[in-house]
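The values are calculated or read from the model by the stated rules, or taken from the named source; none is laboratory data. Computed from a prediction, not measured in an experiment: that's the story for all the values here. Note that we place each Cβ from the backbone using ideal geometry, even for glycine, and neighbour counts take in every protein chain shown. Remember, those area values only see protein heavy atoms, side chains included, never the ligands or the DNA or RNA. Shrake-Rupley method; radii C 1.70, N 1.55, O 1.52, S 1.80 Å.
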Amino acid sequence: MVGYEQDFEKISEKLEKEAKADEIEVRIIKSDTALTRYANSQIHQNIGQEDLDVSIRAVFSNKTGAASTNSLELDSLKRCLSKAEKIAKYQEGDPDFKGLPKPKEQKNVKENYVKDTAKFTPDKRAQKVKEIIEMAGNEGIDRVYGAFKTESQSLFVANSNGVKKFSRFTSSNLTTTAIADWDKDQGFGWGETCSADVKDIDHIEVGRTAIEKGLNNLNTEKIELGEYDVVLEPLAVQSILMYMDMMGFSAKKVQEERSFMKGKFGEQIMDERVNIYDDVSDPDMIGYPFDYEGVPKERVDIIKNGVANEVVYDSYTAGREDDKESTGHALPMPSPMSPLAMNLLMDTGDYSQEEMVEETDKGILVTRFNYCRPVHPVKGILTGLTRDGTWLIEDGEIRHPLKNLRFTQNLIEAFNNIEGIGEKRKLFAMGYYPAYFAAPALKINDFNFTGTTEF
Amino acid sequence: MRANIFILERCLYGGANMRELFEFGIDELEKKDIQYGDIRLSEINTEVINVKNGTVEAIKSSESKGYGIRVIDGGWGFASSADLTEQGIKKTIKRARKIARASSKASEPIELKEVDIHQDSYTTPYKKDPFKIDLEEKLDYLMDVDERMDIDEKIKVRKCNFNAWKTKKFFASTEGTRIEQDLIKTGGGLGVNVSDGEDTQTRSYPNSFGGDYNSRGYEFFENLEILKHAEETAQEGVDLLDAEQCPEGEMDIILNTNQLALQVHESCGHPTELDRALGTEASYAGTSFMTPDKLNDLRYGSDIVNIVSDPTAEGGLGTFGYDDEGVKAKKVDLIKDGMFEGYQASREGAAKVGTEVSGSMRADGWKNLPLVRMTNINLEPGDWSKKEIIEETDKGIIFDGIKSWSIDDKRLNFQFGTEAGYLVEGGEVTKLIKNPTYTGITYEFWRNCDAIAGKEEWILHGVPNCGKGEPPQTMQVGHGCAPSRFRDIRVGVGKW
């Protein structure tokens, strides 16, 4: 047990004694984030942040109120509890709310905490960034960009029904954009890696990938718009998974008829080789083993052999259905976004990325997508643009770089048009939440490009 | 090993007074042998009320206090903490300096453009403190709104919300600037999701994603009159299910202010951020086609297009007295008579390019580093009326209510979709259409702007969710505009 876990326990015990509510929940998130950003081959932003958030949910019958503070001063905590109780009392009650979760056996106790990551110094981050900058300079690229982040997060959740959970994890993430010939043509390349253990961050590999792509991305050409076979690298696939998650994998979206999964359970909606699941216990994954209500996270097989199988639940959405339990996917409550799958993985296949290219007569290789947004969430239509390296494939070979393209595509149709699934997958940090997705490369036929840009 | 700063025993006995801590912090910074330093200490209170389908989805009150310290000590360093003790301040200064010295491994000398030194205070003008309005009153009102939307079984989700923010902020720099600000922001809105089992649509008022927001008091929320608009908005949501699909092709489009605000945001606000133009967001948010060599040379729009950055605009969500590096708020021309004339610039960026410091450095809370962020990016009013614009449009679509938005990382190719469209034929609105989308290239689009309505129809909208930076920061910004027309734009994108 780490020192502050005991502190958090004392706080929750104190608040439980003070509480007048029928049930209370105390959730404490503690974070320490350090991030070194570089641009134009200079470190231009370099930060260290530490914060915590104490959130209290008070429940009177089926009425809940919530308040939060980032102070551990006793007065602040008492004020926070009092506000949560006051807010709860004002309400008329929600018949769908069935109470705070009860304790449940925690089968997966994996903790992704690596002390070396938590203690990684700004000097060490700066040194690795400097080596990327020097490597790029030696290759004739005097402008590289990116960020090197190391962070640790802890989550404590306790409620008056006996739930008491604590876990922590670390994460390190390095990105590099290399821009060759900044003043004129601008060739873009991207590299990225992510791990709980900072020693796994191969900064030379990330830098080399970005540099090679940047150098090979000069003199881009336009291409006629229309449907093309595409080879999507893992980061591009990760973007698609993220939007599928937001548009369809939550019980709330299904209950409110806002999910493309609604009415499709048991039906084959994608290629039979597609398996998408949420599983924090996977060895590749980073995250807490329980959700923000303290419910153990279960593996949820969302798309199984291409069939719409199940979605993720928190305690509230589970309470709305008969014989349903939370799968452990609550966000910090109350949240209009909850529940959400935050540890998504897609099963690998048997294609190497090279084989996907070799077996393409005419197609497009995509490094990653930019600024994707749903056009019609329930139909699964998404738009976005390619970014940081797009190439034309002809007769099984990468011919030349292309100007970035806009796609407007029904994702469900796209996942029905899968020709090949990559044999490896990569883990990516999602940025906004402590969410991590692992995706393989995909070859998809007839992907619809509807616009182009000037670079 | 105890928690690194949040030692329970210390905290349970209480922290220091915010103002005293602030004074202590700047005294400590001034003692250090550094090129530059500033401290920004703030306390932020928020209140959120979300009502959905007749029940409370969320009522949450939060408070957050802490400080961020920025230093130049060989390179840039920034550290932030919620440890409100003198020991915490000292430790955070030490951390910021250590980070700055690490930055010096790969940093050129940093120059900040000189600015006036101020000792001043600023308070948002408001009539009613939203935090002093009884919670029951706000909740009762939202419940009435919810009930008013409950008109059809095809309405699967009814939602309405109220939001308020109150920030107390202190800023001091080692150059002598001392600023104290009290900022209040308020807003809310409503929306429905409708479904007939075949199709699904959404409709909102006064805009998507929680409505509209201003730097004003509770009076702003009252003046939105969302109760009055609840039934008609819900009905139009239902009507959208049976509306015709947006046609494909090229035609004139008219953007209502709620959508035009986002068009200004994405295609003028972001590309005129100097940090993007200089490449410092290249790996995340992206760069800009509006590079310094194009300043005063690029025809961005038609000669009726005038766009400004104006943090002094009354009531704007991006309105303040001073930015987060102590620069006084001021109005700056970005686009003048259609020409690209100015940037949103920090002191560091302005020194590099030799341009004006715009007073646009803003941080998301105390925890984050200030970045160049939009304030109120406003399209100045023209001399038409919306009625005249419609009457003089032979074939076109009016777009209303943000639904989908996407733009490339240099801010050139964009595609937007709105909740509703209205077909205009022969100078008249003839029918409602669904899933309307339009796409274009930024400068071609603005060059095709041939009509802007006047100040009577000019509205200053608030966009509360602008993302930028690593770690990601969310900023509240304003956009003033009046309905405008754009000629020969591609509409109806994609297969439906």
Considering only strands (runs of 3 or more DSSP E) fully contained in segment B:167-215, which possess at least 2 residues that are among the polar types (S, T, N, Q) and open to solvent by less than 10 Å² (accessible area, probe 1.4 Å)? B:178-195
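Given the criteria β-branched (Val, Ile, Thr) and more than 23 Å from B:Gly494 (Cα to Cα), does B:Val429 qualify? First the steps, then the outcome.
Working: β-branched (Val, Ile, Thr): yes; more than 23 Å from B:Gly494 (Cα to Cα): yes.
So B:Val429 fits the description; yes.
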Breaking point among (1) open to solvent by 10 Å² or more (accessible area, probe 1.4 Å); (2) under 30 Å from B:Arg178 (Cα atoms), for B:Arg276: (1)
Conditions (1) within 14 Å of chain A (Cβ to nearest Cβ); (2) within 19 Å of B:Phe399 (Cβ to Cβ): number failed by B:Ser195: (2)
Does B:Ala345 satisfy being surrounded by 24 or more Cβ atoms within 10 Å (Cβ to Cβ), in contact with a helix residue (DSSP H, G or I) (Cβ under 7 Å, 6 or more places away or on another chain) and farther than 21 Å from B:Asp303 by Cα? yes
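Okay, residues lined up against (1) closer than 18 Å to A:Lys165 by Cβ; (2) surrounded by fewer than 24 Cβ atoms within 10 Å (Cβ to Cβ); (3) touching a helix residue (DSSP H, G or I) at 6+ places or on another chain (Cβ under 8 Å):
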| residue | (1), (2), (3) |
| --- | --- |
| A:Lys264 | no, yes, no |
| A:Gln268 | no, yes, no |
| A:Val274 | no, yes, yes |
| A:Asp278 | no, no, no |
| A:Asp282 | no, yes, no |
Could you check A:Ser55 against (1) more than 7 Å from every other protein chain (Cβ to nearest Cβ); (2) farther than 30 Å from B:Arg70 by Cα; (3) small (Gly, Ala, Ser) and say which number it fails? (2)
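Just to check your reading of the model, which residue among B:Thr430, B:Thr437 is buried (at least 24 other Cβ atoms within 10 Å of the Cβ) and either closer than 23 Å to A:Phe449 by Cα or more than 14 Å from chain A (Cβ to nearest Cβ) (or both)? Show your work before the answer.
Numbers: B:Thr430 fails: buried (at least 24 other Cβ atoms within 10 Å of the Cβ).
Going through B:Thr430, B:Thr437 in turn, just one is buried (at least 24 other Cβ atoms within 10 Å of the Cβ) and either closer than 23 Å to A:Phe449 by Cα or more than 14 Å from chain A (Cβ to nearest Cβ) (or both): B:Thr437.
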Any idea which of A:Phe437, A:Phe415 is buried (at least 22 other Cβ atoms within 10 Å of the Cβ), of a type outside the set (Ser, Thr, Tyr) and not in a strand (DSSP E or B)? A:Phe415
Segment B:62-79, subset touching a Ser or Thr at 6+ places or on another chain (Cβ under 7 Å) and either within 7 Å of chain A (Cβ to nearest Cβ) or among the charged types (D, E, K, R) (or both), residue farthest from A:Gly65 (Cα to Cα): B:Gly75
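Considering only strands (runs of 3 or more DSSP E) fully contained in segment A:340-400, which possess at least 2 residues that are crowded, with 22+ Cβ neighbours inside 10 Å, on the phi < 0 side of the Ramachandran plot and within 14 Å of chain B (Cβ to nearest Cβ)?
The strands (runs of 3 or more DSSP E) meeting that bar are A:362-376, A:381-394.
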In segment A:1-39, which residue that is of a type in the set (Asp, Glu) and part of a helix (DSSP H, G or I) is surrounded by the most Cβ atoms within 10 Å (Cβ to Cβ)? A:Asp7
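Just to be sure before I move on: is B:Ser81 over 20 Å from B:Asp33 (Cα atoms), buried (at least 17 other Cβ atoms within 10 Å of the Cβ), under 28 Å from the mean Cα position of the chain (by Cα) and free of Cβ contacts under 8 Å to residues at least 24 places away in the same chain in the structure I sent?
no
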Residues located in segment A:117-164, provided they are open to solvent by 60 Å² or more (accessible area, probe 1.4 Å), within 14 Å of chain B (Cβ to nearest Cβ) and more than 25 Å from B:Ala282 (Cα to Cα): A:Lys119
Apart from one, (1) among the charged types (D, E, K, R); (2) in contact with a strand residue (DSSP E or B) (Cβ under 8 Å, 6 or more places away or on another chain); (3) open to solvent by 50 Å² or more (accessible area, probe 1.4 Å) all hold for B:Glu225; the odd one out is (2)
Pick from segment A:40-53 the residues that are in contact with a helix residue (DSSP H, G or I) (Cβ under 6 Å, 6 or more places away or on another chain) and closer than 20 Å to B:Ile89 by Cα: which of them is surrounded by the most Cβ atoms within 10 Å (Cβ to Cβ)? A:Asn46
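Can you find even one residue in segment B:412-421 that is open to solvent by 30 Å² or more (accessible area, probe 1.4 Å) and either within 14 Å of another protein chain (Cβ to nearest Cβ) or part of a strand (DSSP E or B) (or both)?
Filtering segment B:412-421 for residues open to solvent by 30 Å² or more (accessible area, probe 1.4 Å) gives none.
No: segment B:412-421 contains no residue that is open to solvent by 30 Å² or more (accessible area, probe 1.4 Å) and either within 14 Å of another protein chain (Cβ to nearest Cβ) or part of a strand (DSSP E or B) (or both).
Look at A:Gly99 and say whether it is at positive phi and open to solvent by less than 20 Å² (accessible area, probe 1.4 Å). Working first, answer last.
Values: at positive phi: yes; open to solvent by less than 20 Å² (accessible area, probe 1.4 Å): yes.
For A:Gly99, the condition - at positive phi and open to solvent by less than 20 Å² (accessible area, probe 1.4 Å) - is met.
Output the number of residues of segment A:184-231 satisfying the condition of being of a type in the set (S, T, N, Q), touching an Asp or Glu at 6+ places or on another chain (Cβ under 9 Å) and within 30 Å of A:Lys119 (Cα to Cα). Can you show your working first?
If we filter segment A:184-231 for residues that are of a type in the set (S, T, N, Q), which is where we start, we get A:186, A:193, A:195, A:209, A:216-217, A:219-220.
Narrowing further to those that are touching an Asp or Glu at 6+ places or on another chain (Cβ under 9 Å): A:193, A:209, A:217, A:219-220.
Still in the list and also within 30 Å of A:Lys119 (Cα to Cα): A:193, A:209.
Qualifying residue count for the region: 2.
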Is it true that some residue in segment A:315-336 is open to solvent by 20 Å² or more (accessible area, probe 1.4 Å) and assigned to a helix (DSSP H, G or I)? yes
Only one of these is more than 7 Å from every other protein chain (Cβ to nearest Cβ) and within 22 Å of A:Ser171 (Cβ to Cβ): A:Ile28, A:Ile47. Name it. A:Ile28
Filtering segment A:72-116 down to residues that are part of a helix (DSSP H, G or I), among the charged types (D, E, K, R) and farther than 30 Å from A:Lys199 by Cβ, which residue is nearest to the other protein chains (Cβ to nearest Cβ)? A:Lys83
Residues that are within 14 Å of chain A (Cβ to nearest Cβ), in contact (Cβ under 8 Å) with a residue 60 or more places away in the chain and among the hydroxyl-bearing types (Ser, Thr, Tyr): does segment B:272-279 have at least one? no
